[in-house]
Every structure is written in structure tokens, then in C-alpha cells.
1. Using beta carbons and a limit of 8 Å, which pairs, at least six apart or on different chains, have the first residue in the stretch 78-91 and surrounded by fewer than 16 Cβ atoms within 10 Å (Cβ to Cβ) and the second one not in a loop (DSSP other than H, G, I, E, B)?
2. So for the stretch 61-70 (the condition being surrounded by fewer than 11 Cβ atoms within 10 Å (Cβ to Cβ), farther than 19 Å from residue 118 by Cβ and over 18 Å from the mean Cα position of the chain (by Cα)), does at least one residue qualify?
3. Looking at (1) surrounded by 11 or more Cβ atoms within 10 Å (Cβ to Cβ); (2) under 29 Å from the mean Cα position of the chain (by Cα); (3) assigned to a helix (DSSP H, G or I), which one does residue 9 not meet, given that it meets all the others?
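No value in this document is a laboratory result; all are computed from the given coordinates. Here the structure is a predicted model, which is why all the values come from computation and not from measurement. For neighbour counting, all protein chains shown are included, and Cβ atoms are generated from backbone atoms with ideal geometry for every residue, glycine included.
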């Protein structure tokens, strides 16, 4: 083989190496971008799923007169009561919790079922407008629901 063919072979290998290295960096950046998008979606779901759950509970009982917001044992609590049952939704020990019981039973907050791990939960009520704020990982999401009576 001549010296010129060795140089051409070396140049071809160098071009292939540059192509492989470039492809590696492009794939690495795409993987990082995908991971960032996936993490962002998971964080958003951590906020919207608890609010969707509350919204569903309110809409199931929207025609009833027994939706209240009360502070019980220093816990802001959403209370949904119908003829036979009562539901308490509240925040305690890092979780949004729910107690579903007979309306004659007075439950303890320690009996609640842990629904969602969150950092904070706030409830406010103004006339017929309920506002719920869920915080997790220093991000907050708000739900405002109008209940017609």
C-alpha cells in the first residue's frame, strides 16, 4: 500500500470517529432533555393528582348543602356530609388524608387513610368559592371551585 492510501484510510477513520463522537454527544443531550421533561411531568402530577381527587369529590356532592370547611384540631378540613356518611379531607404528617365514616361516628385524625404525600395543603372558603393549594418540592398548584347551592 502506498503512503497516500494510508493517509486516506487514516482520514476516513478520523471522520468516522468524529461522527461517532458527535452522535454520542447528541444522544447524551437528548437523553438529558428527556429526563428533565420526565421529571417536570412527575412533579406536576404530584400537584395535580391531589387537586383532581378533591375536585372529583366536590363534584360528586356539588348539589348537596353539606360541604363545609372547618378547622378541627388545628387542621383545616374539607367536610363532605350526606345523609348517611361523612368524609373528612385534611393534611397531616406530610400526607393529604381522608376519613370516610358513618355520619354518627366521630373519628380521630390518626385514623385517616394516607392518600398523597405532599408538603403543605391549604383550604380557603369565600361564599361559594373554595380554594385549595397543594405544595410539594417548593412548587404549588391551586384549584378554585365554585359550588352552586
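1. 84/102; 85/100; 85/101; 85/102
2. Yes, because at least one residue in the stretch 61-70 is surrounded by fewer than 11 Cβ atoms within 10 Å (Cβ to Cβ), farther than 19 Å from residue 118 by Cβ and over 18 Å from the mean Cα position of the chain (by Cα).
3. Among (1) surrounded by 11 or more Cβ atoms within 10 Å (Cβ to Cβ); (2) under 29 Å from the mean Cα position of the chain (by Cα); (3) assigned to a helix (DSSP H, G or I), the lone unmet condition for residue 9 is (2).
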